[in-house]
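Chemist: Please find one structure pasted underneath; my questions will follow.
What follows is calculated from the coordinates using simple rules that are stated; it is not laboratory data. Predicted model, so just to flag it, every value in this text is computed and none were measured. Please note: Cβ atoms are built from the backbone with ideal geometry, for glycine as well, and neighbour counts cover all protein chains shown.
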Amino acid sequence: MIEERPRALVVFLVAAAVGLIGGLVYAWFISPVEFTAVEPSELRSEFRATYLQLVGASFAVEDDWTRAQFRLDALREPKAQVARQFAEVTERAIAEGRPAPMLRAMSRLADRLGARTAVMVVYLATPVPTFVPSATPTRSVLLPTTSPSPSPTFARPDTPTPLPTFTPTPVALPTFLLVARERVCEPGPAQIRVVVEDEKGKGVPGIEVWVTWDDGADRFVTGLKPEKGSGYADMNIQPAITYAVAVAQSAVPIVTGLKTEPCPSSDPAQPISASWQLSFRPIPPTATPSPTPGPSPTPTETPTRTPTLGPSPTMTLTPTVTRKP
Amino acid sequence: MRRTLLTIILGLAFGAGIGLTVGWIAPISSPQTAPSVLSAQWQSDWVLMTAQAYSLDGDLNLARQRLALLGASDLGAQVAQRGEEALAEGLPPAYIGTLARLAAALGARTPTLAPYLTQ
């Protein structure tokens, strides 16, 4: 009897171990748990990126921070991590050249999440279209309730939700100065032509140039037309639109208020619109300003640098009209 | 002999119970999933956001890909149905308009959503 008890215990433990292994094999491989009715927090990373893109697009249409925040909260991750992921998705969207309104909204949302990066600043600096509220009376907007865990039936609150404190991040200042700005009248489409040179006046290829206007932005790179110079780049512009130009990593436009205007033409049947030729050179190292906290998230006006340069026969800041035959 | 058999059965049951509980609570495969298993409410929101993204980029292929992740066979019908739900929920006409336009682009036009095509 005394010997039987330990033996029975050993038998029980061996049987339990076999049962445990059998149970795990069944639960993990034969009949694994299946997920249904999950929340966005359960999405795989690739789908999570798609979800974040959709939240950004939706924010562009709805312009509703509370709703966007609710959707982001559904990821159930620390805010800093969501902000970082959203910033990555936004940068990817910018690199893919998604439509400007979407990029602007995504940049604003990233900024609001405290994850502004240099590439977003050009969209933050562009004026935001006026939001026109719907004239039709609407009921409260319902967002999804989550299941199975009890939670959120979302209703638009009557009072605004307190927003997180905005912490400004450093903004890259221009590293190039405008050294010449020339109005050019010649047949052909009106353009903004940019020439980026080094300190010795040699064209610099591969410099990114941002052109922004009221409801859009475009980016091009110098050196893609080598026949016009290794530091040359251009872009066609439209009448009645005011453009601003930023060069390299500059977060603020260096030149603003560029507009094409009619040029005097000898043939009234063939009107000529003025182009702008802008030349840039690096700021001398001693004059390079250190980064400082940037402007408010959606500035209404962007600062313009006024270059001061020593006398040079090739450098002029006064617009001149060149009439080419 | 009978007692030993009973001990074995009890041990197996005890071990299997623990194994099943642990195995289902802590699955070996990643619990992270595809949008097709989102709850109905979140799937509805996915459709709405897809329509809003389409209203911005006009990229029908991309919208199709995003909707296909939900696993529905008739994407147009799914969007149209969401549009009608949005109408019933009293969402702003601009939101319903995005759904109506995407549904129409996917070949699903309904009389109730037709007035919102121009919203």
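Chemist: Using DSSP to define loop residues, name the GluC sites (Glu not before Pro) in the range A:15-93 whose beta-carbon has at most 12 other beta-carbon atoms within 10 Å.
Modeler: Here the GluC sites (Glu not before Pro) that fit, given the DSSP loop and packing criteria, are A:E34.
Chemist: Now for a separate question. Kindly give Rg over Rh for chain B, based on alpha-carbon atoms, with the Kirkwood expression for the hydrodynamic radius.
Modeler: My calculation of the ratio gives 1.41.
Chemist: Placing +1 at every Lys and Arg Cβ and -1 at every Asp and Glu Cβ, with all other atoms neutral, what dipole size does the range A:1-93 have around its Cα centre, in debye to the nearest 20?
Modeler: 240 debye
Chemist: Then there's this: Once the Cβ-Cβ distance between A:F29 and B:I18 is put in as r, and R0 is 25 Å, what FRET efficiency do you end up with, to the nearest 0.05?
Modeler: Approximately 0.90, to the nearest 0.05.
Chemist: Can you spot the aspartates and glutamates whose alpha carbon is less than 18 Å from A:K228's alpha carbon? Ignore those fewer than 8 places along the same chain.
Modeler: Counting by Cα, and skipping residues close in sequence, A:K228 has these aspartates and glutamates nearby: A:E182, A:E186, A:E197, A:D198, A:E208.
Chemist: Sequence neighbours fewer than 8 away in the same chain don't count; with that in mind, list the aspartates and glutamates whose C-alpha is under 15 Å from A:K79.
Modeler: Leaving aside aspartates and glutamates fewer than 8 places away in the same chain, those within reach of A:K79 are A:E88, A:D111.
Chemist: Skipping prolines and chain starts, which residues have an amide H placed within reach, meaning under 5 Å, of the one on A:V255, given they are 5 or more residues away or on another chain?
Modeler: Amide H neighbours of A:V255, under 5 Å, 5+ apart: A:V245.
Chemist: Another question, then. How many nm is it between the label spots at A:A95 and A:A118, if each spot is 7 Å from the Cα in line with the beta carbon?
Modeler: 1.5 nm
Chemist: How far is the Cα center of the range B:90-119 from the Cα center of the range A:20-74, in Å?
Modeler: Here the two parts' Cα centres lie 27 Å apart.
Chemist: Another question, if that's okay. Nothing charged except the Cβ atoms of Lys and Arg (+1) and of Asp and Glu (-1): what's the magnitude of the dipole of chain B about its Cα centre? Round to the nearest 20 debye.
Modeler: That gives a dipole near 580 debye.
Chemist: Collect residues whose amide H, placed 1.01 Å from N in the peptide plane, falls under 5 Å from the amide H of A:I272; neighbours closer than 5 in sequence don't count.
Modeler: Hits under the 5 Å cutoff: A:C263.
Chemist: If you don't mind, another one. Pull up all non-local amide H partners of A:I241: gap of 5 or more, or a different chain, and H-to-H distance under 5 Å with H placed in the peptide plane.
Modeler: Those qualifying (amide H under 5 Å, at least 5 residues apart or on another chain) are A:T260.
Chemist: Another question, if that's okay. Please label the shape of the range B:39-106 as rounded, prolate or oblate, based on the square roots a ≥ b ≥ c of the eigenvalues of the alpha-carbon gyration tensor (a/c under 1.5 means rounded; beyond that, a/b larger than b/c means prolate, else oblate).
Modeler: Oblate, because a/c is 1.5 or more while a/b does not exceed b/c.
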